[in-house]
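Enquirer: First the structure, which I've put down as structure tokens, then a few questions once you've had a look.
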Amino acid sequence: MSTTSGVATRAIKALAILTLVVGTIVLCGATVLFVMLSGDVGYDKPVTAAGWLEEIAEAASARSSASAILSVTLIVVCAIIAIAAWRRSVDWLAAGLVCGVLLSGSLVLVAWGDDNVDRLTEMAASAIGNTAAILPPGGTTPAPDPLTVTQARDEITRMLHATIEASTPPLRTPEDVPVTVHQTPVSAVPCGEVGSRLTVDLAFRTGDNAASATRILAAWDRAGYLPDRAMQQDIRYSTELPIERMSIRDSTSVDGMLHLRLETACAVEATR
């Protein structure tokens with residue numbers, strides 16, 4: 001009976017230690033991820049100064065809450081370590097030290113890692129200059145004119161020119177055909193009730209694919225398009241310009257090509 005009781009006690013002890021370690025890992029991972037995502041506005045950027053201030057406040061609150069949770073948990077773990085050292089329990093002492101290291105590392109990441117508050121503040125400072133303090137009352141601002149197919153095609157032409165000029169010659173398709181703006185096919189897919197979304201999918205190689213990709217992204221930045229911080233850095237987008245999304249993917253190690261994709265916002269035929 002005593003042997004069975006001893007086995008059960010050891011099993012319960014092992015389960016408790018495992019629960020402590022796994023719970024700490026989950027808590028640390030979830031807390032750090034929560035803080036990292038708290039200041040990510042993605043495509044849904046605020047359109048007013050008040051909106052930017054709200055985003056900054058939410059990011060700061062998330063960071064403070066995460067620090068408080070991790071600090072309280074670390075205090076509890078320190079108490080476990082002290083009790084384990086006093087009772088000379090090697091298993092609990094080791095588990096406590098592991099959890100303490102994890103919690104301390106998470107606190108460092110939350111406190112001095114990717115500072116979403118500072119990043120949001122910088123983004124807000126650059127955006128607020130042309131941003132209203134609050135949204136105007138409904139009905140006082142006329143709706144913007146819809147994007148026309150002609151405007152969308154003109155913007156595609158402009159960005160293809162910028163892309164080609166930024167690339168290291170020679171530019172060739174997989175069929176070894178020179179890349180030109182006018183020979184690049186543009187597709188149209190229906191969107192909305194009467195609109196069309198224009199897209200370009202182009203694979204090509206250059207004299208230096210890596211350098212070309214970097215210069216292409218820089219050219220897109222100069223054209224007024226923004227990097228998508230929520231995803232890969234080879235994506236540019238805009239909520240105001242005709243092209244809604246652009247990407248350049250370097251697959252030189254696979255097929256020796258750069259893969260370009262342009263996608264406009266939904267456009268309609270111009271009314272006469």
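What follows draws every value from the coordinates through simple rules; no lab data is involved. Remember, predicted model here, so these are calculated numbers, not experimental data. Methodologically, a virtual Cβ is constructed for each residue, glycine included, from the backbone with ideal geometry; neighbour enumeration extends over all protein chains shown.
Enquirer: Identify the trypsin sites (Lys or Arg not before Pro) of segment 55-100 meeting these criteria: DSSP loop state and at most 10 other C-beta atoms within 10 Å of the C-beta. Before the final figure, lay out each step's value.
Expert: Numbers: sites: R63, R87, R88; in loops: R88.
Those satisfying the criteria are R88.
Enquirer: Need one number: nm distance between label points at H259 and A211, each 7 Å from Cα along Cα→Cβ, rounded to one decimal.
Expert: Modelled inter-label distance: 2.5 nm.
Enquirer: First check a/c for segment 231-272, with a ≥ b ≥ c the square roots of the eigenvalues of its C-alpha gyration tensor; if it is under 1.5, answer rounded, and if not, answer prolate when a/b is larger than b/c or oblate otherwise. Walk me through the intermediate numbers first.
Expert: Values: a/c = 5.89, a/b = 2.29, b/c = 2.57.
Oblate.
Enquirer: Right, another one. Going by average Cβ neighbours within 10 Å, how do the peptides 253-262, 197-206, 90-99 rank, with the highest at the top?
Expert: 197-206, 90-99, 253-262
Enquirer: Calculate the spin-label point distance for A85 paired with V181, positioning each point 7 Å from the Cα along the beta-carbon direction, and give it in nanometres.
Expert: 7.1
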